[in-house]
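First comes the structure, then the notes that go with it.
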Amino acid sequence: MFAYIGAVCAAIAYGGATILQAIAVGRLAALPAGSSWGHRIRTGWLYGLGLVCDFLGFLMSALALHSLPLFLVESTVASSVAVTAVLAVVVLHQRLTTHEVIAVAVLVAGLIVLGVTAEEGPARTVAWWVGWGLCALAIPLAAVAAVCVVASQPRWTMTTGIVLSVISGLGFGFVGVAARLVTVHSSILGWLGDAFVWAMVLMGGLAVVAYGYALDRLPTTTVAALSFACETIVPSAIGLMWLGDEVRPGLMWLAVVGFVAVLGACVQLSSKAEVEA
């Protein structure tokens, strides 16, 4: 129960970070040209606070993954778009469409269903080379992303944008897989020698960079929808097939319904992945 609360808090932290960063960007954009760096830092301090919220969200989701299956935690974290949507109404006085209101309600219902159907427990022990395999997997993904970035011809804009969005989603998804498998160490050297820690660093960095370049090529809604789908579906499948993630007996059908509901609602709300103050 406490682990699931941590996953929900992670979604709240991520959603709040988006709002804080949107406010900061809006304030910075309103500054006159030639403003000093000191003035910019004082004006945009909320952006730094948003980054802190992102980091706290990551820590809480990583802690939740130690005892909860990937399909539950990844779906819950992806629901941060609903948090962003609600906060955009409360803080930024934006309006939600009827479809978005329905999507928020469906998402909440889906998360409740997933919480009921998920079986709590640690991940299955895997071979020693799996962590280094995840690190190695970042190399071809980064190579494909680099090719997409340098392919500047207009006719490739949509294709490269889609590929970068998928790579971003896979990167975030593999961060979740690594967090599910990482071992708690008692020393700094133990953490530094853990391949899953380095997999989180490499995949996380790749995901952030790929997401940023994808936004230069496609609308936010498209990028967010593709990224959410990949970062939720792929690690969930890996967890269920290979890592020992389980659904309570007899409730697989209900878990599938909840998963589809959450994913569909996230895609519907993907336009709220980035907001303007």
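The values are calculated or read from the model by the stated rules, or taken from the named source; none is laboratory data. Just so it is clear, the model here is predicted, and its values are computed rather than measured. Note that we place each Cβ from the backbone using ideal geometry, even for glycine, and neighbour counts take in every protein chain shown.
Any residue that is assigned by TED's automatic domain parsing to the domain that holds Gly173, of a type outside the set (A, V, I, L, M), farther than 27 Å from Ala11 by Cβ and under 22 Å from the mean Cα position of the chain (by Cα) - is there at least one of those in the stretch 117-129? Checked against the condition, which is being assigned by TED's automatic domain parsing to the domain that holds Gly173, of a type outside the set (A, V, I, L, M), farther than 27 Å from Ala11 by Cβ and under 22 Å from the mean Cα position of the chain (by Cα), the stretch 117-129 yields no hits at all.
Checking each residue in the stretch 55-102 for being in contact with a strand residue (DSSP E or B) (Cβ under 6 Å, 6 or more places away or on another chain) and in a helix (DSSP H, G or I) picks out only Leu72. Thr84 falls short on exactly one of the conditions (1) in contact with an Asp or Glu (Cβ under 8 Å, 6 or more places away or on another chain); (2) within 24 Å of Val267 (Cα to Cα), and that condition is (1).
Within the group Ala103, Ala138, which residue is touching a residue at least 40 places away in the same chain (Cβ under 8 Å), surrounded by 15 or more Cβ atoms within 10 Å (Cβ to Cβ) and either of a type in the set (Asp, Glu) or under 26 Å from Val182 (Cβ atoms) (or both)?
Selected residue: Ala138, the only one of Ala103, Ala138 that is touching a residue at least 40 places away in the same chain (Cβ under 8 Å), surrounded by 15 or more Cβ atoms within 10 Å (Cβ to Cβ) and either of a type in the set (Asp, Glu) or under 26 Å from Val182 (Cβ atoms) (or both).
Here is a check on your reading of the model: is Gly26 in contact (Cβ under 8 Å) with a residue 24 or more places away in the chain, within 18 Å of Val89 (Cα to Cα) and surrounded by fewer than 20 Cβ atoms within 10 Å (Cβ to Cβ)? So Gly26 fits the description; yes. On the basis of being under 17 Å from the mean Cα position of the chain (by Cα), within 19 Å of Ala225 (Cα to Cα) and of a type outside the set (Gly, Ala, Ser), does Thr84 make the cut? Answer is yes for this residue.
Screening Ala10 against (1) among the hydrophobic types (A, V, I, L, M, F, W, C); (2) buried (at least 18 other Cβ atoms within 10 Å of the Cβ); (3) within 24 Å of His93 (Cβ to Cβ) leaves a single unmet condition, (3).
Is it the case, given these coordinates, that Thr84 is of a type in the set (Val, Ile, Thr) and either crowded, with 16+ Cβ neighbours inside 10 Å or under 30 Å from Arg124 (Cα atoms) (or both)?
yes
For the stretch 177-223, a residue qualifies if it is of a type in the set (Ser, Thr, Tyr) and either part of a helix (DSSP H, G or I) or within 13 Å of the chain's Cα centre (by Cα) (or both), and the qualifying residues are Tyr211, Tyr213, Thr220, Thr221, Thr222.
Could you tell me which residue of the stretch 141-169 is farthest from Ile238 (Cα to Cα), considering only residues that are among the hydroxyl-bearing types (Ser, Thr, Tyr) and buried (at least 20 other Cβ atoms within 10 Å of the Cβ)? Residue satisfying both the conditions and the ranking: Thr160. The criterion of being farther than 20 Å from Val77 by Cβ, part of a helix (DSSP H, G or I) and not hydroxyl-bearing (Ser, Thr, Tyr) holds for Leu254. Of a type in the set (Gly, Ala, Ser), modelled with pLDDT of 95 or more, under 26 Å from Val262 (Cβ atoms) and outside the structural domain of Gly110 (by TED's automatic domain parsing): is that true of Gly176 in this structure? Judged against the criteria, Gly176 is a match. Of all residues in the stretch 170-190, those that are surrounded by 13 or more Cβ atoms within 10 Å (Cβ to Cβ) and touching a residue at least 12 places away in the same chain (Cβ under 8 Å) total 13.
Considering the stretch 166-176 alone, what residues qualify as being more than 11 Å from Ala62 (Cβ to Cβ) and within 12 Å of the chain's Cα centre (by Cα)?
Across the stretch 166-176, the qualifying residues are Ser168, Gly169, Leu170, Gly171, Phe172, Gly173, Phe174.
Consider the stretch 29-40 and keep the residues that are of a type in the set (A, V, I, L, M) and touching a helix residue (DSSP H, G or I) at 6+ places or on another chain (Cβ under 9 Å). The one that is surrounded by the fewest Cβ atoms within 10 Å (Cβ to Cβ) is Ala30.
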